[in-house]
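Let me begin by presenting the structure, written as structure tokens, before commenting on it.
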Amino acid sequence: MPKTHGFTLIEALITITILCIITLFAHANLSAWLKTQNAKRVTSELIHIVHASRAYAITGRRPFTLCGSSNGLNCDNQWAIGALFFEDANRNGIIDNNDQIIRYTPLNTKTTLQWKGFGGQRLVFESTGLTSASNGTFTYCEFNKDPLYSRQVIVSRGGRARLSPDKNNDGIYEDINGNIITCPN
């Protein structure tokens, strides 16, 4: 009788068990990597949006508003869904007849993203690029509020944006006062 080659049941079970263990470790590492990459993507996008909005206000020599929007047509403070940038001649945060939508950027993040600033729920850029007393902070958090994936984008009175620091290089970013970022409720 010819000799057949194959696996015994025990060899197959051991192989499957080892593959399952490797898959579990890979999944945990991949999940953490994806969360880190999403935090980098959203905060980089926000910094770019703020800088582009400021530049547009300076070159256009008119006031413009940047706000959170779920539909790209009006401000509703839904920053996690998208950011709306429009000409706002009377600085009221509402798109009136004389105002023009410049850009809507969908962020579509499955996390929380909140703006907290002195000017309320929106940023108003004057023709000089200043933020008209609407400087503040975007806070990005996972739904489980894990500080490992929390970030802040800090917008100065001059209209410039920067990422919150990780001063001690422990992988956890700190707020402007050097404390661990507190996620909104």
Filter segment 162-175 for residues that are of a type outside the set (G, A, S) and within 17 Å of the chain's Cα centre (by Cα); the one that is farthest from G136 (Cα to Cα) is I172
- Scanning for something within 24 Å of G72 (Cβ to Cβ), over 19 Å from the mean Cα position of the chain (by Cα), in a loop (DSSP other than H, G, I, E, B) and basic (K, R), does segment 90-109 turn up at least one residue? yes
Over segment 163-185, the set of residues among the aliphatic types (A, V, I, L, M) and either surrounded by 13 or more Cβ atoms within 10 Å (Cβ to Cβ) or out of contact with any strand residue (DSSP E or B) (no Cβ under 8 Å at 6 or more places or on another chain) (or both) is L163, I172, I181
Over segment 53-78, the set of residues assigned to a helix (DSSP H, G or I) and touching a residue at least 40 places away in the same chain (Cβ under 8 Å) is S53, R54, A55, Y56, A57, I58, G60
Looking across segment 83-112 at residues that are free of Cβ contacts under 8 Å to residues at least 40 places away in the same chain and of a type in the set (V, I, T), the single one that is surrounded by the most Cβ atoms within 10 Å (Cβ to Cβ) is I95
Reported set for segment 127-162 where residues are surrounded by 17 or more Cβ atoms within 10 Å (Cβ to Cβ) and hydrophobic (A, V, I, L, M, F, W, C) is L130, F138, C141, V153, I154, V155, A161
Of (1) more than 29 Å from G171 (Cα to Cα); (2) surrounded by 10 or more Cβ atoms within 10 Å (Cβ to Cβ); (3) of a type outside the set (S, T, N, Q); (4) modelled with pLDDT under 90, L9 fails just (2)
S31 fails exactly one of (1) loosely packed, with under 11 Cβ neighbours inside 10 Å; (2) farther than 30 Å from S164 by Cβ; (3) not charged (D, E, K, R), namely (2)
Q. Would segment 72-88 turn up any residue that is farther than 25 Å from G159 by Cα and modelled with pLDDT under 90?
A. no
Condition set closer than 23 Å to E87 by Cα and touching a Pro at 6+ places or on another chain (Cβ under 8 Å), scope segment 127-185, selection modelled with the highest pLDDT: answer is S127
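The values are calculated or read from the model by the stated rules, or taken from the named source; none is laboratory data. As the structure is a computational prediction, the values presented were derived from the model and not from experiment. As a convention, Cβ positions derive from the backbone with ideal geometry for all residues, glycine included, and neighbour counts pool all protein chains shown.
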